[in-house]
Amino acid sequence: MAWLLIKNAEVLVTMNESREEIKAGAVLIEDHQIRWVGPSADVESYLAETQPELASGGLDQVIDASGCVVLPGLVNCHHHLYQTLTRTIGTGHGMILFDWLKFLYPIWAEMTPESVYVSAKIGLAELVLSGCTTVADHLYLFPNGSRIDDEIQAAQEIGVRFHPTRGSMSLGESQGGLPPDRVCDPEPNIIKDCVRAIETFHDPNPFSMLRIGLAPCSPFSVTGDLMRESAALARQYPLVNLHTHLAETKDEDRFCLEMFGKRPIDYADSLDWAGEDVWFAHMVHPNPAEVDWLARTRTGVCHCPSSNMILASGIAPIREMLDRQVRVGLGVDGSASNDGNHMLGEARQAMLLQRVGWPGFESRADRFTAREALELATLGGARVLRRDDIGVLAPGQAADLVAFRVDDLTHAGALSDPVASLLTCAPVQVWLSVINGRVVVEESQFLPFELGPVIDRHNRLSLEMMQRAGVR
């Protein structure tokens, strides 16, 4: 057994039922699980009563978190890790979603298994350094022999808690869909590989580091038959969730009305895509009745504010969703529609965007607090992914936590509320990250591997891919 103590935090944010915040807080970890949370002054008495053999210096590691805010590890509920290969080339020109996708599909068609693997290492490293400990990724095209296995290998090498979703595209241009036929796959092949991915990798047990989801890409890139069959397949296995993009843009509204005679949410409902095992990325354009449907069915939503802004998709009514008890988490979305992987920064954007308001509602600075945004990024994300073992710092929970310094230049003068300062001040990199009881970042240093050579290899793969696609 390994014992780790993190003590003397400026504030320890628990996200427990009472949303307790402990000044000079401490967390005691045994192996992969939290054993005790409380004031640092009480650690020795707790050890003397329960673990006397550890009370006199028997702990394996002690980390002094003075000057830091400690909180549960951040949970990223929607991402496309492979898109680190194509940052900026679409967003820099101001493209909206459908134009952006049509421009990028032919480039992504040139990906290889190595580029999927290396891009995942880059994206996951960046996320970890931003405070993220759990990542749900959506990989939905598999050119040139690529498999979901390639990004799983990267996640396992880093040690991040991973929820990869086996995505798919089957509705090509020749059938009225948006993507070119060459990046689509036959539906029998998709289902066969979904079964393989679940039966090879999925772990439904508590404290699982790897759970598979099924994720037909969008209403404009898969058929209704594939949506239905994916839902039926997922529900044959415990805790295999369902995920897709939905209600992201007004163009999608028009597509669904013309193609299916239904709005996106009505279409999803007709395919049995509702319930606690379903979560939708974006959900920018639900009407009030559809927000009620989300709440009533307990269907989850992943808010992606930066991507929605950079692609001019709109402002999701997150305040309204939360007020009606919709399960909402947070995601950075694709690395080519953001173009960053900073979870703390994404929580800040969520806070700011709700204060600006959404169409039909006035701007109000009191609409969304910093703590509400942090809850989206921790406990909210855990609920969306159906995890009851992460998102909270409490005994019995998984040992996933992060610490950010607040005694630095960025936070000077903000110690009256150091927790809120994580979002009101400029977002910074994490100082400490512990995932499943393992220290992954210490004193701001990323420990799993040397970043420089991986960045160099990633950039070479990106340039080669664009050259093959004829993009300069």
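We did not get these values from a lab; they are worked out from the coordinates using the rules stated. These numbers come from a predicted model, not from an experiment. Reconstructed Cβ throughout: ideal geometry from the backbone, glycine too, with neighbour counts over all protein chains shown.
Quick notes on this structure:
- Selection count where residues are outside any loop (DSSP other than H, G, I, E, B), out of contact with any helix residue (DSSP H, G or I) (no Cβ under 7 Å at 6 or more places or on another chain), touching a residue at least 24 places away in the same chain (Cβ under 8 Å) and of a type in the set (D, E, K, R), scope the range 288-319: 1
- All helices (runs of 4 or more DSSP H) inside the range 333-388 with 1 or more residues being without any contact (Cβ under 8 Å) to a residue 24 or more places away in the chain: 343-356
- Verdict on G213 being closer than 20 Å to L141 by Cα, buried (at least 22 other Cβ atoms within 10 Å of the Cβ), among the small types (G, A, S) and under 19 Å from the mean Cα position of the chain (by Cα): yes
- Of all residues in the range 415-472, those satisfying the criterion of being touching a Phe, Trp or Tyr at 6+ places or on another chain (Cβ under 8 Å) and part of a strand (DSSP E or B) are V440, V441.
- Verdict on R166 being basic (K, R), in contact (Cβ under 8 Å) with a residue 24 or more places away in the chain and surrounded by 18 or more Cβ atoms within 10 Å (Cβ to Cβ): yes
- Set side by side, the residues V27, V69, V75 differ, and just one is of a type in the set (V, I, T), touching a residue at least 40 places away in the same chain (Cβ under 8 Å), under 30 Å from S218 (Cβ atoms) and outside any loop (DSSP other than H, G, I, E, B), which is V75.
- Matching option when the condition is closer than 30 Å to P288 by Cα, among the hydroxyl-bearing types (S, T, Y) and out of contact with any Cys (no Cβ under 8 Å at 6 or more places or on another chain), among S444, S416, S363: S363
- Taking every residue in the range 109-138 that is charged (D, E, K, R) and pairing it with any residue that is part of a helix (DSSP H, G or I), at least 6 positions away or on another chain, the pairs with Cβ-Cβ distances below 6 Å are E110/M465; E110/R468; K121/A154; K121/V454; D137/L81.
- Among the criteria (1) of a type outside the set (S, T, Y); (2) in contact with a helix residue (DSSP H, G or I) (Cβ under 7 Å, 6 or more places away or on another chain); (3) surrounded by fewer than 24 Cβ atoms within 10 Å (Cβ to Cβ), the one G261 does not fulfil is (2).
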